[in-house]
Each structure stands twice: as structure tokens, then as C-alpha cells.
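Inspection log for the structure reproduced underneath, given as C-alpha cells.
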Amino acid sequence: MARKRKSQFTLPEKQCWHLYSLQNLHPEKFIKVVGKILKKDYLLIK
């Protein structure tokens, strides 16, 4: 039986965040994302 190859494809890091998607994050992840939004590393979509 042949081995299956691992997928080399990885999703890029999310750069644009919508207000509603921030509501579903865990508190630790929320703090990291909001910090990067304030540093202007990420874009906030209203």
C-alpha cells in the first residue's frame, strides 16, 4: 500500500479582521489580535 503524502499547503496568516469575527475568539487570542490591530499590523474591517 502506498503512503499518502502530507499536504504542503498551509493557509496564510489572517490579516483582515471583522468586528464579528473578533467576538468568537478566546480571550488570549483576542488580546493578541487587538494588540496587532493597534500596532497597525492587521486591518480592521467595519
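What the table below lists for this structure:
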quantity: Cβ-defined net charge surrounding Tyr42, 11 Å radius [Lys, Arg +1; Asp, Glu -1]; calculated: +3
quantity: Within the stretch 5-35, trypsin sites (Lys or Arg not before Pro) in DSSP loop having at most 13 other beta-carbon neighbours inside 10 Å; calculated: Arg5, Lys6, Lys14
quantity: Nitroxide proxy distance, nm - points 7 Å out along Cα→Cβ at Lys36 and Phe9; calculated: 2.2
quantity: For the chain: accessible area per residue (Å², 1.4 Å); calculated: 107
quantity: Set of lysines near Lys14 by C-alpha distance (under 23 Å), chain-local residues within fewer than 8 positions excluded; calculated: Lys6, Lys29, Lys32, Lys36, Lys39, Lys40, Lys46
quantity: Relative contact order (%) - the chain, alpha-carbon pairs under 8 angstrom, separation at least six; calculated: 49
quantity: Rounded percent of accessible protein surface that carbon and sulfur make up, the stretch 3-44, 1.4 Å probe; calculated: 58
quantity: Projected-area average for the chain over all orientations - Cα convex hull basis, square nanometres; calculated: 5.0
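The values are calculated or read from the model by the stated rules, or taken from the named source; none is laboratory data. Note that the structure is predicted; figures quoted are calculated from it, not measured. Positions of Cβ are generated from backbone atoms using ideal geometry, with glycine treated the same way; all protein chains shown enter the neighbour counts. For the accessible areas, the whole protein counts, side chains as well, though only heavy atoms, and no ligand, DNA or RNA atoms are used. Shrake-Rupley method; radii C 1.70, N 1.55, O 1.52, S 1.80 Å.
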